[in-house]
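Contents: one structure, followed by commentary.
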Amino acid sequence: MKAWASRFAIAIAAIFSVSVSLAEEAVLYWMVDDSAQVTMGDGTTPDISDFLPAETADTWSAARIRVTGGDIADGESVFLNLYDSQGNVTAGDLGIAFDGNAGYWGAGVPVGNQSPIGDYASGTPEYNFIVEIGNVAWDDTSGTASWVETIAKSDPVSYTWLYEANHIAATFDLNPPPGMAWTPTAFTEVPEPSSGLLLLIGGGLLALRRTKRHLPCFTMPPHRW
């Protein structure tokens, strides 16, 4: 199945059956455009378009917003949902795919995505928001897509910062004003989990080997009858 068909299927499957009330829902405008750069582990800073892996028929890159802080427990995965073009809410865990639109390229260009943020508008401590960039894969067997790995992320920013920077509007807008979108330009590469896991396992085996090497050797005495 082609990637574009997969993305369409995901969008349709993610739409909630009941439309949300837009009158009381604060909305965050955000996007990732071609001005973004990624700081790599070796110190280089390629443009986002050069950093992203090549797409295949069933894999593509996407951006999503992770929410942390407030009453969210450590290790809990929470992501902002998304409005589609008709004002329906879609799940945000698979994010927005990088693509071209009207001569622009990015995730949500040129005017930005709109994500309901009302549930995270207050909290002690305050909620923080991180744009994650990752790889998504479509599985023909199960007919579903999954976020395979996160490969880069922005620095976290608070709700107060977003509000004061004018990236939050009162309601969803079918004709969003230009220039409101939060557009992080600096991302940091996320190392592959397998590398750290291998290092941890290797260190554990080495420690075990050293422990065994220093264990005292006991010899059982012969039985006396």
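The values are calculated or read from the model by the stated rules, or taken from the named source; none is laboratory data. All values derive from a computational prediction rather than experimental measurement. Cβ placement follows ideal geometry from the backbone for every residue including glycine, while neighbour counts extend to all protein chains displayed. These accessible areas exclude ligands, DNA and RNA; they are computed on the full protein's heavy atoms, side chains included. Shrake-Rupley method; radii C 1.70, N 1.55, O 1.52, S 1.80 Å.
Some values worked out for this structure:
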item: Accessible area (Å², 1.4 Å probe, nearest 10) - Met40; result: 50 Å²
item: Compactness of the range 104-143, expressed as Rg and Dmax over alpha-carbon positions, Å; result: 15.6, 44
item: Solvent-accessible surface (1.4 angstrom probe) belonging to Glu132, in square angstrom, nearest 10; result: 10 Å²
item: Potential lengthening between Glu164 and Ser35 on full extension [0.36 nm per residue; Cα-Cα distance subtracted]; result: 44.2 nm
item: Residue-by-residue Karplus 3J(HN,Hα) for the range 89-98, coefficients 6.51, -1.76, 1.60, Hz, glycine and proline x; result: 8, 10, 5, x, 5, 8, x, 10, 6, 6
item: Accessible surface of Ser35 - all protein chains present, 1.4 Å probe, nearest 10 Å²; result: 60 Å²
item: Residue-wise HN-Hα coupling along the range 140-156, computed from phi with Karplus coefficients 6.51, -1.76, 1.60 (Hz; x: Gly, Pro); result: 5, 5, 8, x, 9, 10, 9, 7, 7, 7, 9, 10, 7, 8, 8, 6, x
item: Extension gain from Thr185 to Thr150, taking 0.36 nm per residue of separation minus the Cα-Cα distance; result: 10.9 nm
item: Amide H contacts under 5 Å for Asp34, placed H, 5+ residues apart; result: Trp105
item: Interchain or long-range residues, amide H under 5 Å from Ile151's placed H; result: Ile133, Gly134, Asn135
item: For Trp182, distant residues with modelled amide H under 5 Å away; result: Tyr29, Trp30, Met31
item: Label-to-label distance, nm, for residues given as Asp74 and Asp173 (7 Å Cα→Cβ offset); result: 4.0 nm
